[in-house]
Every structure is written in structure tokens, then in C-alpha cells.
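Before any comments, here is the structure.
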Amino acid sequence: MRRDCNVVTERDSEGFYVASVPGLPGCHTQARSLDKLLTRIKEAIELCLDELGSSAATS
């Protein structure tokens, strides 16, 4: 199932790219390149959604 998420990206003072997903509290990551950042935020989103699904199933 496909789900669209808004992702906020910025560059910090040390040159790292940082990404967060406002709709998924705690879902964030960082990387030195945009390519790596995109890979990592996709993984982070999958993990956060899996965790939300696990939490809902046990409630």
C-alpha cells in the first residue's frame, strides 16, 4: 500500500542534511548527501509505520 508523506529537509551547521516527517512524530534521520538522506528517510518512514501498526494491533 502506498502512502504519501510530507518530508521536511534542511541542512545543519555542520553540513549534514536532516529530514523529518511532521505527520510521524519521532521520524527523522540525517546524512551527508541528499541521495543517502532519501534512502534513510524512506527506511525511517517504513519503520515508523510498522511501529504504529504494531502498536495499534496490541491496543
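Just checking, how many residues over segment 1-22 are modelled with pLDDT of 95 or more and part of a loop (DSSP other than H, G, I, E, B)?
9
So the check is Cβ under 6 Å with 6+ separation or different chains; which pairs have a first residue in segment 26-50 that's small (Gly, Ala, Ser) and a second one that's outside any helix (DSSP H, G or I) and at pLDDT 95 or above?
Final answer for the pair search is ALA31/TYR17; ALA44/CYS27; ALA44/THR29.
Just need a number here: residues in segment 23-35 that are more than 25 Å from GLY53 (Cα to Cα) and either of a type in the set (Gly, Ala, Ser) or assigned to a strand (DSSP E or B) (or both).
Adding up the residues that qualify gives 2.
The values are calculated or read from the model by the stated rules, or taken from the named source; none is laboratory data. Please read these numbers as outputs of a predicted model, since none were measured by experiment. Please note: Cβ atoms are built from the backbone with ideal geometry, for glycine as well, and neighbour counts cover all protein chains shown.
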